[in-house]
Amino acid sequence: MLKRKMLPALIPLAAAPVLYLLWPLKSDDFEINWDKDALKEKQKFLSSINRAGSNDSLPNVLLIIADDLGVNDISFFGHGKVSTPNIDGIGKSGIAFEQAYTASPLCSPSRASLLTGKYPQRFGFEFQMHDRYLTNRLEYFVFRYFISGGIWQAKSMEKVPRRKDIERQGIPPSQVTIAELVKARGYATALIGKWHVGWQSENMPLNLGFDQQYGFFDAHTLYAPIGTEGITDQRIEKDFTDKYNWKLGRKGWHGIFRNYQPIEESEHLTDAITRESISYIRENNSRPFFLTVAYNAPHTPLQAPDRYVEMFKDEPDPIKRVYYAMIKQLDDDIGKLLNELNAQGLLDNTLIIFLSDNGGATYTYTTDNGPLRGGKITDFEGGIRIPMFMSWPGKIQPGSRYDAPVITMDIFTTIAGATGIALPPDNDTDGSDLFRYINNDSLVPHEHLYWQRGASRAVRSGDWKAIWNEEFGDTLLYNLKTDPNEDSDQFSQNKDLARNLVRIHSDWSDRLPAPLWPPVMWFGENIGDRWIYFED
């Protein structure tokens, strides 16, 4: 038996493991301070943009964004299980981009690139925004061994952001958005739907160029209150992220807001977003407008009107049945938008752009992006290839197809060109004006395309694409011309080529600033004989 006088000496030893497990991980290493000088330069630039005169003929711009909609979730490319004539019609009446990419396979950095015309890593927006981090090592061990598993693995972290820095995540207000650009030109602007690129007033829509806002600010929300009559609520028990979607519901920034004021919304959100968009078009039919319609469909949680679910009653999988219903509803609502433009006599003078923020989310068991490999969060084609169409009567030849790789940053520069905004010669955007390329096959918009989230890296150069993990050492190499679905890894036969692609990426990534916030998870993709992990 231990002597009583020995107990005081043993207390510190017993306390050490407890202190180690419970010691707070919050750190000021992730302090976010916005660059005031850069903000002044931004205002100077915006004030230099020529405002449209009364005789200027400017097109309206309708930017439609779907959420987690894969290339092969629609019928245009011949693989979709749902007929989507209205989405397809945008491509058929204009141009379809055969190899369109997102700058990130994650919602928020993808949207940041779309709005700014830059790789999001250029301003520290490397990872998905997170409003919750593990606060100590005990939480990590609980999550690692009792909650996560399989394709999801908790990331061991020694430091995490403080609450005040979490709240500052998003697009730095010193960055110029496409909404600010066209607003300076004289456009009316509105963001209707999902935001997910900032939670502070300084980096929310009304301070980044939008005159009006309707929708929600976080990654997801309920489409309708749980149990709403006439709407099917479908849980996904196999997906551990799904329960959080339902639990968070419309709390906090998952709620529905109009110009930042919380409101109650009982109509299914896909229909409500369409309703608000149509109302906006009617109210602004006599002046040029830039309307961003950011649907959250078909992102989880799965909720669809019964009448759409009934259309897919022959689908035995209830998860897919509701997923397909949500896509069909989305397509019908986009049709309503197009019909309204036509009814208002605006269709011929409107540049319409449709795209998805990233590939389909395979981990939700809704889609497999077949025949493309992988999905959301991965740098495989299923995660970063997106459907993207543009239509503009008289400016784009109907039924056009464009085969060279394009990327979400191109939208910024393309809209700037279409609205008559001259970007300065030394502008630091990464996008290309696609109108310079779609009628000139001798030019390509990009020599290389890059992806990066911490240790997760990828680069496309010509027909070749390399994917690797700096921490685990895995390297994959694909020839997308002969193997567009990434079925055959060519690394062992072409190691020198792979090393050169890694060098090309390093030349780019070495100039990037540090990420403003860290990832929280590893996401795994099984490629048959091994797992490839990506940071989230």
> Out of ILE527, SER506, SER492, whose Cα points farthest toward the positive end of the dipole of the range 474-536 (charges: +1 Lys, Arg; -1 Asp, Glu; placed on Cβ)?
Replying inline: SER506
> Which parts of the range 289-313 would a label at LYS81 reach, counting a residue when its backbone N lies under 14 Å from a point 7 Å out along Cα-to-Cβ?
Replying inline: 309-313
> Hey, what do the phi angles of the range 364-379 turn into as Karplus ³J(HN,Hα) couplings, whole Hz, using 6.51/-1.76/1.60 and θ = phi - 60°, x for Gly and Pro?
Replying inline: 8, 6, 8, 8, 10, 6, x, x, 5, 7, x, x, 2, 5, 8, 9
> For TRP508 and ARG436 in one chain, what is 0.36 nm times their gap in residues minus the Cα-Cα distance, to one decimal in nm?
Replying inline: 23.5 nm
> If the cut-off is 20 Å between C-alpha atoms, which aspartates and glutamates fall inside it for LYS40, apart from same-chain ones fewer than 8 positions away?
Replying inline: GLU180, GLU202, ASP426, ASP428
> For the chain, which DSSP H helices look membrane-span-like by this rule: Cα extent along the axis of 27 Å or more and mean Kyte-Doolittle of at least -1.0?
Replying inline: 318-343
> If the cut-off is a Cα-Cα distance under 23 Å, which lysines reach LYS44, setting aside same-chain residues fewer than 8 apart in sequence?
Replying inline: LYS36, LYS118, LYS183
>> Run lengths n ≥ 4 of DSSP H only: what is the helix-derived mean residue ellipticity at 222 nm for the chain, with -39500 (n - 2.57) per run over all residues, to the nearest 500?
In response: -8000 deg cm²/dmol
> Which entries in LYS26/LYS164; LYS92/LYS313; LYS465/LYS495; LYS159/LYS243; LYS243/LYS313; LYS42/LYS164 show an alpha-carbon gap greater than 18 Å?
Replying inline: LYS92/LYS313; LYS159/LYS243; LYS243/LYS313; LYS42/LYS164
>> Counting pairwise Cα distances across the range 57-140, what percent come out greater than 18 angstrom?
In response: 60 percent
> According to the Kirkwood expression over distinct Cα-Cα pairs, how big is the hydrodynamic radius of the chain, in Å?
Replying inline: 24.1 Å
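Values quoted throughout were computed directly from the atomic coordinates according to the rules given, and no laboratory measurement underlies them. On a predicted model such as this, the values are computed, not experimentally measured, just so you know. In this analysis, Cβ positions are derived from the backbone assuming ideal geometry, glycine residues included, and neighbour counts consider all displayed protein chains.
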